[in-house]
Amino acid sequence: MIGLSQGVFSALSSEKAWQPMELDDKALKLTGKRIEDLHRLGLYDTESLLAYYPIRYDAMNNMPFENWAEKDKVTFEGEVVKTASTWQYGKRSTTTFEVMAWDRVLKITIFNRPWASSLRLNQVVTINGIYQGKNRVTALSYDTKRLAEHDAVTPIYSVKAGIRQSTVHACIEKVFCAVVNEIQDIVPQSLVTRYRLLRKALALRYIHFPTSMDEVKQAYRTLKYEEFLRFFTSIEVMRQEEIANVFRPPHCFDVSRIREAIARLPYALTPDQKSALDDILRDMSSTVPMYRLLQGDVGCGKTTVAAFAMQACVLAGRQAALLAPTEILARQHLASLALILKDCGIAMDVLYAGLPAKKKRQVIEDIAKGKIQIVVGTHSLIQEDVLFFDLGLVIADEQQRFGVEQRRAFRKKGDYCDFLLMSATPIPRTLSATLYGDMDISTIESMPLGRKVPITKLIKENSFRSVLDDVKKLLVAGRQLYVICVAIDENEEMDVRNVNDTCAALQKAFGEYRCDMLHGRMNSAQKQEAMDRFYRNEVQILVSTTVVEVGMNVVNATGMIIYDAERFGLSQLHQLRGRIQRGNEQGQCWLLTSSKDSKALERLSVLVKTCNGFEISYEDLRLRGPGDILGTKQSGKPDFILGNVVSDTAIINTARADARVIAADPGNLDYAVLLENARASAASRD
């Protein structure tokens, strides 16, 4: 490693604070091709590049051939005795060549490395791969350095076609050498000492250029703690800034009026619903604006709780708005609220883009005059021409689609608005405080008595024929069917079912019923028309991508087929099947897969065994992390690089406690850098 073992830490003056540099900065001396490659990986500055951590490490295992067993990971040096042949199929390729090693000829196969065909006879190569038995090796990587020249531990990065591991490694080395003495320690020195952590520069050195796996472990421990500490400190700072110098008159409402409305319901609230409503009413009665998450599984009764929160707002003399993800769901929410709050004398209406122009103008005018006390709508509610008379409460259904921009827009429409966000992706209590650190949380775990759950079957075949008889019975009974596909069109890179071909095939097979399509390439009006046709039962089979995951509430649709089910996350599959248990008829969901991967099948079997969204989301978080589950980029939720919110409980608890101490002592100079960083992070969230 050039420079790293020869006083690299004294290469530059350490007077300047750590400021990320653009990768095309001439001082870094990266070539145009390398900058282009890094941009393809989503890396644009020195900070993002140095945080592009390896996905794994290859530790050299150069044991003698006689000790090799099938499926062993092996590292060895060989001489090319048969040049490479490459087969190209689409954007993929398979290359084979032969080497002499351990006094025998080994056949080497490597995938998606077409440049391996440039290997010459008698060239020495070092190969890292998996022994397949019978003198065959599947290479994971290779290079033309001698075995003795290799490091004992080699970092492996996530790359794209045409980008070599060596390119990423060389770029990180060059950038690290250039900026190492400018890297600033975020973690306070007192905590570095207390927990025996590494300095930031040394941690980055160990994670990218380790000489042993022990160094990797030390780096992971330090960088994970820093990730969590930065996150929780920014949350604490944001909380303090939210309530600093803020006083709003508490909402005053007659709780007995709410109790009377609850008593008129044809069913009793569950204990969890009562507890959640108590939390919300207590927040609304305080002098600090509410920012609360109401989470619970599909069908647990979140809308009922939200309805009584809106009643409280109206009783306090202010307006309430419910934001829904689709026009259909907005209309359905209005109908539900009208039933829940009937005889309460509350004026309600709906606003969405598809309303006739005259009706839309009237609704907007009535909102501005205060004639409408509860309005349900899509993102049309955020438009500049929608002015509220006195907006006091905003409720967003499916919070992962309600980001900071929407929150900022509603703040402009009402003084000290309360915010209640609802999510049907329930997270176990032990994780909620991490994933939703900037919100108070109410959880509905118990389901209403008598609530049915859909029957889910795992079909180990990606074919409609396995469920044909069941589907015929469902359609003959007058019910409707969703069919979910991964892709819209045929795709050379993915061997999966697509919406266009599947819809055509099903229309041919079920000529007496009408099939229709729904996917993200359609414009808003086209999607709305397709959903409306299905809602009115003009269409019996809807072939769709995952756009139906949220916003479809068709009581008559009781069946769902999901092709290539192994390609979806568990929480997403659970959300999808939630579309088919909206009424009293038994819902049926068929998960189709041709995968032979035992882990994929085991994962899918979780959905067969349970409909408990908390169990499912926990498993999904464990396997996939929070970013995919919660829509990180939209919602501002933590996108930890190394930290795992499921397995790193001890570090999380420690970092959360430390963050509270730090935020409570802003004058401590040891905390200055971290607090400055946290304020910048909080500002970017809001």
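Would you confirm, using the coordinates I've provided, whether residue 586 is modelled with pLDDT of 85 or more, among the polar types (S, T, N, Q) and under 20 Å from residue 297 (Cα atoms)?
Details: modelled with pLDDT of 85 or more: yes; among the polar types (S, T, N, Q): yes; under 20 Å from residue 297 (Cα atoms): yes.
Yes: the conditions hold for residue 586.
Of the residues that sit in the range 666-680 and are open to solvent by less than 60 Å² (accessible area, probe 1.4 Å) and of a type outside the set (S, T, N, Q), which one is farthest from the chain's Cα centre (by Cα)? It would help to see each step written out before you state the result.
First, the residues of the range 666-680 that are open to solvent by less than 60 Å² (accessible area, probe 1.4 Å): 668, 670-675, 677-678.
Right, trim to of a type outside the set (S, T, N, Q) and you get 670-675, 678.
Working: 670: 34, 671: 31, 672: 32, 673: 29, 674: 26, 675: 27, 678: 22 Å.
So, considering only residues that are open to solvent by less than 60 Å² (accessible area, probe 1.4 Å) and of a type outside the set (S, T, N, Q), the one farthest from the chain's Cα centre (by Cα) is 670.
For residue 298, indicate whether it is β-branched (Val, Ile, Thr), farther than 17 Å from residue 398 by Cβ and open to solvent by 10 Å² or more (accessible area, probe 1.4 Å). Walk me through it before giving the result.
Working: β-branched (Val, Ile, Thr): yes; farther than 17 Å from residue 398 by Cβ: no; open to solvent by 10 Å² or more (accessible area, probe 1.4 Å): yes.
No; evaluated as a whole, the condition is false for this residue.
Out of all the residues in the range 54-65, which are surrounded by fewer than 18 Cβ atoms within 10 Å (Cβ to Cβ) and either in contact (Cβ under 8 Å) with a residue 24 or more places away in the chain or of a type in the set (A, V, I, L, M) (or both)? First the steps, then the outcome.
Within the range 54-65, the first condition is being surrounded by fewer than 18 Cβ atoms within 10 Å (Cβ to Cβ), and the residues that meet it are 55-57, 59-65.
If the condition is that a residue be surrounded by fewer than 18 Cβ atoms within 10 Å (Cβ to Cβ) and either in contact (Cβ under 8 Å) with a residue 24 or more places away in the chain or of a type in the set (A, V, I, L, M) (or both), then 55, 56, 57, 59, 60, 62, 63, 64, 65 are the ones that fit.
Can you work out which of the residues in the range 541-563 that are in a loop (DSSP other than H, G, I, E, B) and out of contact with any Asp or Glu (no Cβ under 9 Å at 6 or more places or on another chain) is modelled with the highest pLDDT? Before the answer, list the steps.
Filtering the range 541-563 for residues in a loop (DSSP other than H, G, I, E, B) gives 545, 550-556, 563.
Cutting the leftovers down to out of contact with any Asp or Glu (no Cβ under 9 Å at 6 or more places or on another chain) gives us 545, 552-554, 563.
On the way: 545: 91, 552: 69, 553: 76, 554: 86, 563: 95.
Among those that are in a loop (DSSP other than H, G, I, E, B) and out of contact with any Asp or Glu (no Cβ under 9 Å at 6 or more places or on another chain), it is 563.
Can you name the number of the only condition in (1) outside any loop (DSSP other than H, G, I, E, B); (2) modelled with pLDDT under 90 that residue 18 fails?
That leaves (1) as the condition not met.
Look at residue 593 and say whether it is touching a Gly at 6+ places or on another chain (Cβ under 7 Å) and open to solvent by less than 10 Å² (accessible area, probe 1.4 Å). Show your work before the answer.
Numbers: touching a Gly at 6+ places or on another chain (Cβ under 7 Å): no; open to solvent by less than 10 Å² (accessible area, probe 1.4 Å): yes.
Here the answer is no, as residue 593 does not meet what is asked.
Taking residue 355 as meeting all but one of (1) touching a Cys at 6+ places or on another chain (Cβ under 8 Å); (2) farther than 26 Å from residue 289 by Cβ, write down the number of the exception.
(1)
Identify all residues within the range 152-166 that are part of a helix (DSSP H, G or I) and within 29 Å of the chain's Cα centre (by Cα); write none if there are none. Lay out the reasoning, then the answer.
Applying the first criterion (part of a helix (DSSP H, G or I)) to the range 152-166 yields 165-166.
Within the range 152-166, just 165 meets the criteria.
Can you name the condition, by its number, that residue 289 falls short on among (1) more than 30 Å from the chain's Cα centre (by Cα); (2) assigned to a loop (DSSP other than H, G, I, E, B)?
(1)
I'm trying to understand the selection: among the residues of the range 260-273, which are outside any loop (DSSP other than H, G, I, E, B), more than 30 Å from the chain's Cα centre (by Cα) and surrounded by 14 or more Cβ atoms within 10 Å (Cβ to Cβ)? Outline the logic, then answer.
To start, the set of residues in the range 260-273 that are outside any loop (DSSP other than H, G, I, E, B) comprises 260-263, 271-273.
Next, from what is left, pick out any that are more than 30 Å from the chain's Cα centre (by Cα): 260-263, 271.
Within the range 260-273, 261, 262 meet the criteria.
With the condition being closer than 23 Å to residue 326 by Cβ, open to solvent by less than 10 Å² (accessible area, probe 1.4 Å) and at pLDDT 80 or above, I'd like the strands (runs of 3 or more DSSP E) fully within the range 423-537 carrying at least 1 qualifying residues. Outline the logic, then answer.
Numbers: elements: 440-444, 455-459, 480-484, 515-518.
Counting at least 1 such residues, we get 440-444, 480-484, 515-518.
Output the qualifying pairs, or none if there are none: Cβ atoms under 7 angstrom, residues six or more apart or on different chains, first residue in the range 307-327 and within 18 Å of residue 351 (Cα to Cα) and in contact (Cβ under 8 Å) with a residue 60 or more places away in the chain, second residue open to solvent by 20 Å² or more (accessible area, probe 1.4 Å) and aromatic (Phe, Trp, Tyr).
From the range 307-327, the pairs are 319/388; 319/389; 327/352.
I need the full set of residues from the range 77-110 which are surrounded by 13 or more Cβ atoms within 10 Å (Cβ to Cβ), touching a strand residue (DSSP E or B) at 6+ places or on another chain (Cβ under 6 Å) and of a type in the set (Phe, Trp, Tyr), in order please.
Once the filter is applied, which keeps residues that are surrounded by 13 or more Cβ atoms within 10 Å (Cβ to Cβ), touching a strand residue (DSSP E or B) at 6+ places or on another chain (Cβ under 6 Å) and of a type in the set (Phe, Trp, Tyr), the range 77-110 yields only 97.
Hey, residue 645 hits all of (1) open to solvent by less than 30 Å² (accessible area, probe 1.4 Å); (2) under 30 Å from residue 456 (Cα atoms); (3) outside any loop (DSSP other than H, G, I, E, B); (4) modelled with pLDDT under 85 but one; which does it fall short on?
For residue 645, the exception is condition (3).
Can you name the residue in the range 178-224 that is among the basic types (Lys, Arg) and part of a loop (DSSP other than H, G, I, E, B) and is also least open to solvent (accessible area, probe 1.4 Å) among such residues? Please lay out each step first, then the result.
From the range 178-224, those among the basic types (Lys, Arg) are 194, 196, 199-200, 205, 217, 221, 224; that's our starting set.
Filter once more, so that each one left must be part of a loop (DSSP other than H, G, I, E, B): 196, 199.
Numbers: 196: 204, 199: 128 Å².
Checked the range 178-224; the qualifying residue least open to solvent (accessible area, probe 1.4 Å) is 199.
The values are calculated or read from the model by the stated rules, or taken from the named source; none is laboratory data. Predicted model, so just to flag it, every value in this text is computed and none were measured. Ideal geometry is used to build each Cβ from the backbone, glycine not excepted, and the neighbour counts take in all protein chains shown. Accessible surface is based on the protein model in full, side chains and every heavy atom, while ligands, DNA and RNA are left aside. Shrake-Rupley method; radii C 1.70, N 1.55, O 1.52, S 1.80 Å.
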